[in-house]
1. Go through the range 23-43 residue by residue and tally those that are in contact (Cβ under 8 Å) with a residue 40 or more places away in the chain and among the polar types (S, T, N, Q).
2. Checking the structure you have, find out if any residue of the range 53-61 is at pLDDT below 90 and part of a helix (DSSP H, G or I).
3. Name the pairs: first residue in the range 67-80 and within 9 Å of Asp13 (Cα to Cα), second residue outside any helix (DSSP H, G or I) and modelled with pLDDT under 90, Cβ to Cβ under 7 Å, at least 6 apart or on different chains?
Amino acid sequence: MSLHWLPVIFRIDFKVLLLIYKSLNGLGPKYIADMLPEYKPNRPLRSLGSSQLEIPRVHTKQGESAFSYYAARSWNRLPEEIKCAKTCYI
């Protein structure tokens, strides 16, 4: 698939999200799936079954550009239908 027509930031997002999807579904590196724990609230909330990832706390702008933060934040912004899709066409 050619992504050269997309602006660079969107290509980066696409590649990161595809890597996360594959890792969480057993098609990618296990160490990436281990780096991104599933969000589990301490009490019953509506977001309990929404396949969100835990976003690590960061204190600097550099921390916000770390893969674990950027990937979890990007994944959590996706619609539920995309996160729970059974197949990946790439």
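The values are calculated or read from the model by the stated rules, or taken from the named source; none is laboratory data. Since the structure is predicted, the reported quantities are computational estimates derived from the model, not experimental observations. Quick reminder, even Gly has a Cβ in these numbers, built from the backbone with ideal geometry, and neighbours come from all protein chains shown.
1. Residues meeting the conditions: 1.
2. Scanning the range 53-61, I find at least one residue that is at pLDDT below 90 and part of a helix (DSSP H, G or I), so the answer is yes.
3. Sorted first by the residue in the range 67-80, then by its partner, the pairs are Ala71/Leu36.
Table: residues versus (1) touching an Asp or Glu at 6+ places or on another chain (Cβ under 8 Å); (2) part of a loop (DSSP other than H, G, I, E, B); (3) among the β-branched types (Val, Ile, Thr).
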{"position": "Asp13", "(1), (2), (3)": "no, no, no"}
{"position": "Leu17", "(1), (2), (3)": "no, no, no"}
{"position": "Ile20", "(1), (2), (3)": "no, no, yes"}
{"position": "Ser23", "(1), (2), (3)": "no, no, no"}
{"position": "Ala33", "(1), (2), (3)": "no, no, no"}
{"position": "Pro44", "(1), (2), (3)": "no, yes, no"}
{"position": "Gly63", "(1), (2), (3)": "no, no, no"}
{"position": "Tyr70", "(1), (2), (3)": "yes, no, no"}
{"position": "Asn76", "(1), (2), (3)": "no, no, no"}
